[in-house]
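The values are calculated or read from the model by the stated rules, or taken from the named source; none is laboratory data. All figures in this text were calculated on a predicted structure; none of them were measured in a lab. As a convention, Cβ positions derive from the backbone with ideal geometry for all residues, glycine included, and neighbour counts pool all protein chains shown.
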Amino acid sequence: MRILVDADACPVKEEIYRVAARHRVPVHIVSNSPFRVPSSPLIDRVIVSDAFDAADDWIAEQSGPGAVVITSDILLADRAIKAGAQVLAPHGKPFTAASIGSAIATRAIMADLRAGVSDITGGPAPFRKSDRSHFLQALD
């Protein structure tokens, strides 16, 4: 088992480090730019190019049975699920083969709405303390 983290915008990296240390599971922190990670033989920092979707491509290529992918990117989640990985969003909600189709459809609808109406803005809801707790329970 290993954990692959889409790290550039991941708000739960510290929680991932704690769970990984407790269970002795290797973690790959994948990003387009360097940032500090704890010094641990279990944590591998992977810096990819700044090309579009380079981090997603690396994670998707490494995904498969025994991998847990942490991402809020729905299209990456779809790729990882198809490769056989388990996928968890930073707020603790799992992406599954049964749920990913509706998530992709909702994403497409929202993109169409934002493109057609100039006053629709925003994104995901703000990250809350309860999201962190749900994530920890789900990952553990």
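Below are the figures for this structure:
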item: Within the stretch 41-72, tally of residues that are part of a loop (DSSP other than H, G, I, E, B) and over 23 Å from residue 138 (Cα atoms); result: 7
item: Tabulated pairs, the stretch 32-56, first within 20 Å of residue 68 (Cα to Cα), second among the basic types (Lys, Arg) and modelled with pLDDT of 95 or more, C-beta under 6 angstrom, 6+ apart or interchain; result: 37/45
item: Counted residues, the stretch 87-101 - those being surrounded by 19 or more Cβ atoms within 10 Å (Cβ to Cβ) and either over 8 Å from the mean Cα position of the chain (by Cα) or assigned to a strand (DSSP E or B) (or both); result: 5
item: Hits in the stretch 9-40 - residues which are under 19 Å from residue 136 (Cα atoms) and either assigned to a loop (DSSP other than H, G, I, E, B) or touching a helix residue (DSSP H, G or I) at 6+ places or on another chain (Cβ under 6 Å) (or both); result: 9, 10, 11, 12, 15, 19, 24, 25, 26, 27, 37, 38
